[in-house]
1. How much accessible area per residue does segment 1-61 have, counting only protein heavy atoms and a probe of 1.4 Å, in square angstrom?
2. Taking the mean number of other Cβ atoms within 10 Å as a proxy for protection, how do you rank 27-34, 223-230, 76-83 from highest to lowest?
3. If the label point is 7 Å along Cα→Cβ of Lys60, which residues in segment 87-105 have backbone nitrogen under 19 Å from it?
4. Need the full-extension length gain, His24 to Arg326, defined as separation in residues times 0.36 nm minus the C-alpha distance. One decimal, nm.
5. Looking at segment 1-35, which GluC sites (Glu not before Pro) are in a loop (DSSP not H, G, I, E or B) and have at most 12 other Cβ atoms within 10 Å?
6. Going highest first, how would you order 36-47, 232-243 by mean Cβ packing within 10 Å?
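The values are calculated or read from the model by the stated rules, or taken from the named source; none is laboratory data. None of the values given here were measured: they were computed from a predicted structure. As a convention, Cβ positions derive from the backbone with ideal geometry for all residues, glycine included, and neighbour counts pool all protein chains shown. The area values use the complete protein model at the heavy-atom level, side chains included, leaving out ligands, DNA and RNA. Shrake-Rupley method; radii C 1.70, N 1.55, O 1.52, S 1.80 Å.
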Amino acid sequence: MAREGSDESLFANSQLAELLVERHPWRAALCARRVLAHHPDDDRGWATFALAHTLLGNYKVAVAAYRRAVAADTSNPWYAHNLGHLLDVALGQPSEAEVWLKRAHRSAAESGEVCASYAHALARMGRLSEARKVLTRVRKRAASREHAALLRWIDEGAPRDGDRGGPMPTWIHPIAIRAPIGPRLDSKANVDAASDPPRRRGRQNAGASPKEPSRTPIPAELDAVLSRGLASLPLDSKQRARARGLARDAGTYFSRPPESRSARGPRTLREADAIAAAIAYAIVYVDHVPLTQSEVAACFRVSVANLRGRFGELRARLDLMPGDLRYRTLRGS
């Protein structure tokens, strides 16, 4: 209903693009294009547009869009990582990819995802000792089956496998949230109003309280496991609080016997560990935190398969999406 090109319209299209991109990439790309038509230097808009076309398989378009995102925000390591990873794996240009992956590695050397992509490109260029050094260093902090497979491939001399250079490292990372999306408004009152979800504002203006999800107390065992695992993850206090809120929202469902739930994936002897890991990963998923499932699973001492199965239940039950307003943490300033 908002006038095209207005602050409200651009705010809505920015939000929709990021929320829809993983499920409906073509629709997300259209929303991002509406924003970019008025703000051609919007790095988030270009990053969303690039991610959408990556998911659609339009890799050359995605590479061009990530170049625009990097140009608009040279300090964001994830834009550089995604650009380099596409150049290496999708377009088969490891030499050009190495420049961008090296930049990402300088800013995010602690990320197993960045290290794997950088090592992959180095190995494809024949620089095996450098690739092994990068991968060995990150495996000391958080080992995973993906890293082990990549290291075996490097030790074998990084042999070519048809059209693809070795095992695929962790692929494109979603948009790294630096700050909440906000309409470009000068009035503080307008900014405050726009940052509140429209449906919720409508209920409040009508004098009705927004309906909150049904919550139950967190079971003591789950609470203890969740607190212990969260302490090992690089999450801030707000994100940990959101994890506990999410655990309460899901409490009714997970308090039922597994036999009465549509459980997916392998079962674990300690169900609480896998559920806690899934709850923690849900915050990682919603907030676009640069952590893989294997890194989160390691903190809870559960297998990736168990985390994936419980997270699948959780995502379906709460209809979770990246940037979900119920659990998103406003990061940055």
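1. Numbers: 3180 Å² over 61 residues.
With all protein chains present, segment 1-61 gives 52 Å² per residue.
2. Details: 27-34: 20.6, 223-230: 18.4, 76-83: 26.6.
Ranking, from highest mean packing down: 76-83, 27-34, 223-230.
3. What the label zone holds, given the 19 Å backbone N cut-off, is 87-97.
4. Working: separation 302, 0.36 × 302 = 108.72 nm, distance 2.03 nm.
Stretched fully, the His24-Arg326 segment lengthens by 106.7 nm.
5. Values: sites: Glu4, Glu8, Glu18, Glu22; in loops: Glu4, Glu22.
Qualifying residues, ordered by number: Glu4.
6. Details: 36-47: 19.8, 232-243: 16.5.
Order by mean packing, descending: 36-47, 232-243.
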